[in-house]
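Each remark here refers to the structure printed beneath this line.
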Amino acid sequence: MELGTGCRILPGVLCAHCADACDQLGIDRMRWVGTSMGNVIGMTTATTTLKDRISHLVINDVGLTPMTAAIERIKAYAGNPAHFHTVTK
């Protein structure tokens, strides 16, 4: 099957392929740099299949339009970092 115009690519499937490739190559820790689809895969794998392996995530040119609720949530905490009494919280 050719992945091209008109073909729907699911990030979850690509994340599973990335995790499998890392397993086969013996990659335990990595820094992920993604552009465009690489962002989507990086953000998804960093929170799912590779969450314990990605130490740094750099994203560029996501190209997605954030949902209004997400923008409002970010605006609520941007510039107001959380303060914790201990490191474990």
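Residue exposure proxy: 35, 68, 49, 44, ordered by other Cβ atoms within 10 angstrom of their Cβ from fewest to most, comes out as 68, 35, 44, 49. With neighbours defined as other Cβ atoms within 10 Å of a residue's Cβ, the residues 33, 40 order from fewest to most as 33, 40.
All of the numbers you see were taken from the coordinates with simple rules; none came from a lab. Note that the coordinates shown come from a computational prediction; the quantities given were computed from them, not determined experimentally. Heads up, the Cβs are rebuilt from the backbone with ideal geometry, glycines too, and the neighbour counts pull from every protein chain shown.
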